[in-house]
Structures are given as C-alpha cells and as structure tokens.
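Asker: Take a look at the following structure, please.
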Amino acid sequence: MASAEHVVSAFHIITTHIDEAIAAAKCHKCGCLQQTVEALAGTEAGKGELAPVLARAKTIFEPKKYDCLGCPVCYPAIAANAFVEAFPEAGAGLDLCPTEEPEGRQGWPPLPGDYSVVRYGAPVAVCALNSELLVKTLAERKPEGLAVVGTMHTENLGIERVIKNTLANPHIRCLLLCGEDTQQAVGHLPGQCFESLFQNGLDERSRIVGARGRRPVLKNVSREEVDAFLKQVELISMVGEQDADIITGQIQSCAERNPGVYPHPFRESQIERIQAPEPKRLTLDKAGYFVVYPEMRSKRLVVEHYTNQGVLNCVLEGASTGALYSEAIERQLVTRLDHAAYLGRELARAEQAILAGAPFVQDAAPGELLPATSAPCGSGSSCGCPSTPKPASSSCSSHDTEKAACQ
Ligand code: SF4
C-alpha cells in the first residue's frame, strides 16, 4: 500500500482523467473507458472515494463501438495506472483490458489475428507492432524465410496470441520485432513489453517484469508455454524500424542461420505432413479430352479439345499456360479437378518446351489407365488415345512430334 499522500494524489489523477474522458465524446463508446470504470467500480476505493466520478462516467456510456482507439493520450489508461501504483495488490487483480480472448481453431495459426501467413515451413515470424503498411509490404514481397507477418497492438492478448501461434509451429525459430511500437504517452507498449519478456520473464503474478505497458499480465498462457516459447525462438528486436528493405535483409539473415525445426515442440504440431501416393485411378472427364502441343514457329500453345467420341470440339490457342487453362475452364471444357490439374501440368511442360526450344511429348494422365482398344492417333501403338466411341484416359507418349498426345 502506498503512502497516504500517494493515495490522495492517485485519487486526484484518477478523478481528473476520468472527468477528461467524460468530456471527450470519443471515449463514450470506447471499451478502454468502459472497462476501466467497471473494473475500478468493483474495488474498495471505487465504492468509496472514487464512487462519484465512476457514477458520473457510467451516465455517459454509449454502446461500445471499439475496444481501444489507440489515442496518443488515453485518459482512462492514465487513471488505471495511477490506481495500480497506489494499490498494487488490488490493481494486480483488475481486468482492465477491454478485448476478449479469441477462440482457437483447427489448422495454423490456431488463433485468429491481424496477420498474413506466407509459408508454414519457414523459420521467421515478423511482428510489426502498429505498422500495418509494413505488414502489407512484407506479405507482398514474401522474402525467403518468412513464415508469417502481422501487427500486435496489445501487451497482453497480443503477446499471448503470438506465443500460442508460435508454439503451434516448430519451424519458427526467430521472432523479428519491428515497426512502430505506440504513440501513446501511457498505453499498451507491446514492443517494449515483449522485449522485457525475453529479458526478464514473468513475476509470480504472471506480470512481465520491467514492462511499461498498461497491463502486461499474461493470464491466458501457462508458465510452461512461456518457457517453451522463449526456448524455441530467438528475438531480434528492431522496434521502431519501418524500412521494408532493412527488415527484408534481416529476415534473410535469420533464415540463413535457421537451426532447423525445434526438436522439443511444446505440443505436437497439429498440421499433418501427408505423404501423397501416386494416383491409382483416373476417371474420364465427361466433357472430353485434350491434345496439347506447342507451336514452335509462332511460339504459342495450342489445345485441341475432343469429345469422348473422338470428335474435335474446338481449338484454343494462346501465349501462356494461364491463358489456356483459364479459357478451358471458362468454356467448361473440364469438369474434374484431376483433369484440370493434368491440363495445367501439360500446358506448363509445353510452355517450357517453347522457352527451351526442346521437343515436347504429352505425358499420360496419372493413374490407372483404361486399356486402349485402338490407336486412332495413327501411331500404330497402344497410346491410349480414345478410340471411337470409347476413350481411354491416357496420352500418346509414344510420339515425339509437336502434335502427338491426348488424354
Ligand atoms: S483510447 Fe482512451 S482516450 Fe481514446 S477514445 Fe478510448 S478511452 Fe478515450
């Protein structure tokens, strides 16, 4: 308990700043003010000396529109900090944060947030604090080694979210902290709080030692989770840095010294690594089949589409794989996903053959082929081209001419 003088001074600060919030229309619908007033009202001082100002504040509440506007000077934050300093025991138990713990979900990351996943198996997570533009830039650049990049606005739920999402991916070994921390004179300071967590850990009340944020208490992660997190990742702190080039360089440098997948994950990753077997069966597409070939003279791709009765339906041509598969899909010439995948693969191979000036032979579609009953393509071989009327799901891999194959 602070001295009597300190307590009187705290009451004065609290009353003055709650009155400031009462006078500011923006605060009336803000979770920061409402949560602070409700929390203080439940304390002994809230029922005594602070009761009049808290009662005044409740009369101006409007339906909550935002959790926190992040104002450079937040009046209820100043009031709350004054209370915690004057009454550390009572203050430690107060729930001053207006945001609610998010619900977990299947997959990775398990907790939702304001982030972009780049690739699961990469070693670097970037926490850009309040710099949303930086998140967008890095997510578009997708530098080598980047797994995920996101913002983090709060020193409790924000940090807890990063901890849980990181523990769920043992590939992440480096946490790069950058971007603008906060402009608030008294506010969340998530960057400073995160640095303190790495430097000093938690006290017995799960408060981050040395953290200067408004309420740096991690109540939704266990001590074991925090310990495991601190062992899994190395912190690279560049708080304040917003230059995407510099940060990209640092991501690459972290990736180069990646120690590999963390061998002692706190929980087994729920992301299964599935071994894909070769396909066993291929079902014919009722829409028909394709003959793909590169036209070397014009350097264009050509696709002939046939009905399953062997009748030419149309001929598509274009400059790229994307142009041709888009047109085929648009015209509903494929009705099966395996057939679409096959077409994309063969178009990409044909495009590569044009670029390399190499011969192209259309491959068989993957899977168990139906027995060919004739060789309508004229190769004299059992190439799997559709005989009329019954087609086979294969290609003319016996040919090495430009126009040789079918599926
Ligand atoms: S963040 Fe603080 S100052 Fe800003 S609107 Fe909310 S309560 Fe008011």
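The values are calculated or read from the model by the stated rules, or taken from the named source; none is laboratory data. The shown structure was predicted, so the numbers you read here are calculated from the model rather than taken from an experiment. Virtual Cβ from ideal backbone geometry, glycine too; neighbours counted across all protein chains shown.
Asker: In segment 225-270, what residues are among the acidic types (Asp, Glu) and part of a loop (DSSP other than H, G, I, E, B)?
Answerer: Matches in segment 225-270: Glu241, Asp243, Glu268.
Asker: Something else now. As an exercise: evaluate Ala358 against (1) surrounded by 15 or more Cβ atoms within 10 Å (Cβ to Cβ); (2) aliphatic (A, V, I, L, M); (3) part of a loop (DSSP other than H, G, I, E, B) and give the number of the one condition it does not meet.
Answerer: Going through (1) surrounded by 15 or more Cβ atoms within 10 Å (Cβ to Cβ); (2) aliphatic (A, V, I, L, M); (3) part of a loop (DSSP other than H, G, I, E, B) one by one, Ala358 breaks only (1).
Listed here are the residues, each with its yes/no results for (1) of a type in the set (S, T, N, Q); (2) in contact (Cβ under 8 Å) with a residue 40 or more places away in the chain.
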| residue | (1), (2) |
| --- | --- |
| Arg281 | no, yes |
| Glu295 | no, yes |
| Ser298 | yes, no |
| Thr307 | yes, no |
| Leu312 | no, no |
| Glu317 | no, no |
| Tyr325 | no, no |
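Asker: Residue check, Leu282 against (1) out of contact with any Leu (no Cβ under 8 Å at 6 or more places or on another chain); (2) farther than 15 Å from Ala353 by Cβ, all met but one. Which one?
Answerer: The one condition Leu282 does not meet is (1).
Asker: Hey, another quick one. May I ask you to list pairs of residues, at least six apart or on different chains, whose Cβ atoms are under 8 Å apart, with the first in segment 65-89 being free of Cβ contacts under 8 Å to residues at least 40 places away in the same chain and within 9 Å of the ligand (Cβ to nearest atom) and the second being outside any helix (DSSP H, G or I) and not acidic (Asp, Glu)?
Answerer: The qualifying pairs are Tyr66/Lys29; Tyr66/Cys30; Asp67/Cys30; Asp67/Pro98; Asp67/Thr99.
Asker: Please give the number of the condition Cys178 fails out of (1) modelled with pLDDT under 90; (2) under 18 Å from Asp114 (Cα atoms).
Answerer: Checking Cys178 against (1) modelled with pLDDT under 90; (2) under 18 Å from Asp114 (Cα atoms), the one that fails is (1).
Asker: Let me ask another. Return the residues of segment 21-52 that are within 16 Å of the ligand (Cβ to nearest atom), in a helix (DSSP H, G or I) and either surrounded by fewer than 16 Cβ atoms within 10 Å (Cβ to Cβ) or among the hydroxyl-bearing types (Ser, Thr, Tyr) (or both); say none if nothing qualifies.
Answerer: Ala23, Ala25, Lys26, Thr36
Asker: Considering segment 319-343 alone, what residues qualify as being touching a helix residue (DSSP H, G or I) at 6+ places or on another chain (Cβ under 8 Å) and surrounded by 17 or more Cβ atoms within 10 Å (Cβ to Cβ)?
Answerer: Thr321, Leu324, Tyr325, Ala328, Val334, Leu343, listed by residue number.
Asker: Could you grab me the full set of residues in segment 53-75 that are hydroxyl-bearing (Ser, Thr, Tyr), surrounded by fewer than 17 Cβ atoms within 10 Å (Cβ to Cβ) and either modelled with pLDDT under 95 or assigned to a loop (DSSP other than H, G, I, E, B) (or both)?
Answerer: Tyr66, the sole residue that qualifies.
Asker: Pairs, please: C-beta under 8 Å, at least 6 apart or cross-chain, first residue at negative phi and in the same structural domain as Arg215 (by TED's automatic domain parsing) and in segment 151-167, second assigned to a helix (DSSP H, G or I) and of a type in the set (A, V, I, L, M)?
Answerer: Close Cβ pairs (under 8 Å, with a partner that is assigned to a helix (DSSP H, G or I) and of a type in the set (A, V, I, L, M)) amount to Thr151/Val135; Met152/Ile159; Met152/Val162; Ile159/Leu197; Ile163/Val226; Leu167/Ala228.
Asker: Report the residue count in segment 208-246 for those that are out of contact with any helix residue (DSSP H, G or I) (no Cβ under 7 Å at 6 or more places or on another chain) and surrounded by 19 or more Cβ atoms within 10 Å (Cβ to Cβ).
Answerer: Summing the residues that are out of contact with any helix residue (DSSP H, G or I) (no Cβ under 7 Å at 6 or more places or on another chain) and surrounded by 19 or more Cβ atoms within 10 Å (Cβ to Cβ) in segment 208-246 gives 2.
Asker: Considering Glu62, Glu38, Glu20, which residue is touching a Phe, Trp or Tyr at 6+ places or on another chain (Cβ under 7 Å) and of a type outside the set (Lys, Arg)?
Answerer: Result: Glu20 is the single residue among Glu62, Glu38, Glu20 that is touching a Phe, Trp or Tyr at 6+ places or on another chain (Cβ under 7 Å) and of a type outside the set (Lys, Arg).
Asker: Quick check: is even one residue across segment 92-99 surrounded by fewer than 15 Cβ atoms within 10 Å (Cβ to Cβ), aliphatic (A, V, I, L, M), farther than 27 Å from Gln242 by Cβ and at pLDDT below 95?
Answerer: Checking segment 92-99: at least one residue is surrounded by fewer than 15 Cβ atoms within 10 Å (Cβ to Cβ), aliphatic (A, V, I, L, M), farther than 27 Å from Gln242 by Cβ and at pLDDT below 95.
Asker: Give the residue that is modelled with the highest pLDDT, with candidates limited to residues of segment 1-26 that are of a type outside the set (A, V, I, L, M) and in contact with an Asp or Glu (Cβ under 8 Å, 6 or more places away or on another chain).
Answerer: Phe11
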